[in-house]
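Let me begin by presenting the structure, written as C-alpha cells, before commenting on it.
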Amino acid sequence: MEKRPDIIYLQKKAIEIRKDILNMLTLAGSGHTGGSLSIVEILVSLYYYKLKNDPVNPSWPGRDRFLLSKGHACPALYAVLAHKGYFPRDMLWTLRKLGSPLQGHPQLGLAGVEISSGSLGQGLSIANGIALAARLDGLGIRVYCLLGDGETNEGQVWEAAMTASHYKLDNLCAIVDYNKLQIDGFCCEVKDPGDLKHKWESFGWSVLKVDGHDLQALMDSYDCAEKIKGRPTVIIADTVKGKGVSFIENKVEWHGIAPKKEECEKALQELDEALRKLA
Ligand SMILES: Cc1ncc(C[n+]2csc(CCOP(=O)(O)OP(=O)(O)O)c2C)c(N)n1
Ligand SMILES: [Mg+2]
C-alpha cells in the first residue's frame, strides 16, 4: 500500500488550490466557480496519494489516467497540475486568454490533460475504452473518471455504465461529484437522479459512498475500490458546491460566474483564516 502523505499538508494544499482557483477565475473574468471548488479534495487526494503519475514525463505509458468528464471544473484540475509540476504555476493566470493552453474547458495538448472535455456525458465512454485497452495490453494501470451529478442526467453515462459492467472493468473507477446542484437548480428539481447508489448497483457497479471533502476517507475509498474485482466501482462523493467560501457554498447562482475583485479578496481572507487555523 502507498504511503499516505501528511494530512495537514494535504489540507493546506487544498486551501492553496482553492486560492489559485479564485485568483484564476477573477483574472479571467468568467468561468465555473462552484463546480471547481467542490472537487478540490477529490483531486488532491488522487494526485497527491493515489495516482501513479510522473509530471516530468506526462505521457509515461505506465501512468494511471484521470479523466475530468465535468470539464467546466478545469480550473481545479489546472491548479492541481501546476502544483504537481506539470507546467509552471504562472500559466494559471492565463486562464481563458486568447492563445492560452488553459482554456475554459480542457484541451488535449496541455501536459496532464488526458481528454478534451466540456461536452458533458462523454468521459465515461472514453474511460471505458482506455480501461479495456489497458487490460488487453496488460498495462496494469487504473482509470479514474470524475463526473458531475447533473451530468448523470445524460443518457450516454448509463450506456457507458452498462458497457463497463458488461466488460467487468475492475480497473475503472468513476467518481461522482455529488454536490446536488447543476447549471440552473438543484438536481432533484431539474431532473431527479433518484437513489444514485441503487441506480449504479443495478447497472452492475460496486458503489462506495464517501464525504467528498474528507481527504482521509477519500484515500480509503480509492484503496477500497482498487481491491474490488470483477466489476467497476463508483465512488459517490458527497460534496458542497462552492466548498470553502461561505458566500459561494451551495448557491446556484455561483455555477457559471467568476468572482469580482472585491468578492475574490473576501474569499481569500476566509481561506487565509482557514490556513492559519491549520498552522
Ligand atoms: C452536453 C452538455 N450539455 C450542457 C452543458 C452545459 N453545462 C455546463 S455545466 C452544466 C451543469 C452540470 O451539472 P453538474 O454535472 O452537476 O456539475 P456542477 O455544476 O455541479 O459542477 C451544464 C448543463 C454542457 N457543458 N454539455
Ligand atoms: Mg453538480
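The numbers here are math on the coordinates, done by the rules we state, and not lab data. Just so it is clear, the structure is predicted and the values come from calculations on it, not from any experiment. Because the Cβ atoms are built from the backbone with ideal geometry, glycine has one as well, and the counts that use them run over all protein chains shown.
Mean separation of Cα pairs under 8 Å and 6 or more residues apart, divided by the residue count, gives the stretch 7-278 a relative contact order of 25 percent.
Against the empirical curve 2.2 N^0.38 Å, the C-alpha radius of gyration of the stretch 49-123 lands at a ratio of 1.04. Using a cut-off of 31 Å between Cα atoms, the listed pairs K70/K197; K19/K168; K12/K70; K13/K227; K180/K227; K52/K266 include K19/K168; K52/K266 as exceeding that distance.
Taking the Kirkwood radius as Rh and the Cα radius of gyration as Rg, the stretch 5-95 has a ratio of Rg/Rh equal to 0.95. Ordering T33, T233 by the number of other Cβ atoms within 10 Å of each residue's own Cβ, fewest first, gives T233, T33. When shorter helices are ignored and each DSSP H run of at least 4 residues is given -39500 (n - 2.57), the per-residue value for the chain at 222 nm works out to -12000 deg cm²/dmol. Around the amide H of K209, modelled in the peptide plane, lie the amide H atoms of I236, all under 5 Å away and 5 or more residues distant in sequence or on another chain. Close amide H pairs (under 5 Å, H built 1.01 Å from N) link I175 with C145, L146, L147, I235, residues at least 5 positions away or on another chain. Qualifying trypsin sites (Lys or Arg not before Pro) in the stretch 1-55, where qualification requires a DSSP coil assignment and no more than 10 other C-beta atoms within 10 Å, comprise K3.
Relative to the longest principal axis of the Cα atoms of the chain, the long axis of helix 123-136 lies at roughly 50 degrees.
For the stretch 180-279, trypsin sites (Lys or Arg not before Pro) meeting the loop criterion (DSSP other than H, G, I, E, B) and having at most 10 other Cβ atoms within 10 Å: K229. Shape class for the stretch 149-216: oblate, because the ratio a/c of the largest to smallest gyration tensor axis (alpha-carbon atoms, square roots of eigenvalues) is 1.5 or more and b/c is at least a/b. Under the combined filter of DSSP loop state and at most 15 neighbouring Cβ atoms within 10 Å, the stretch 168-252 retains these chymotrypsin sites (Phe, Trp or Tyr not before Pro): F247. The mean of 1/r over all pairs of different alpha-carbon atoms in the chain, once inverted, gives a Kirkwood hydrodynamic radius of 18.7 Å. To the nearest 10 degrees, how steeply does helix 74-84 sit against the main Cα axis of the chain, on a 0 to 90 scale? Orientation of helix 74-84: about 90 degrees from the principal axis.
By other beta-carbon atoms within 10 Å, ranking I21, I228, I8 with the fewest at the front produces I8, I228, I21.
Taking the 0 to 90 degree range and rounding to the nearest ten, how far is the long axis of helix 155-166 tilted relative to the main principal axis of the chain, both from C-alpha atoms? Roughly 40 degrees between the two axes.
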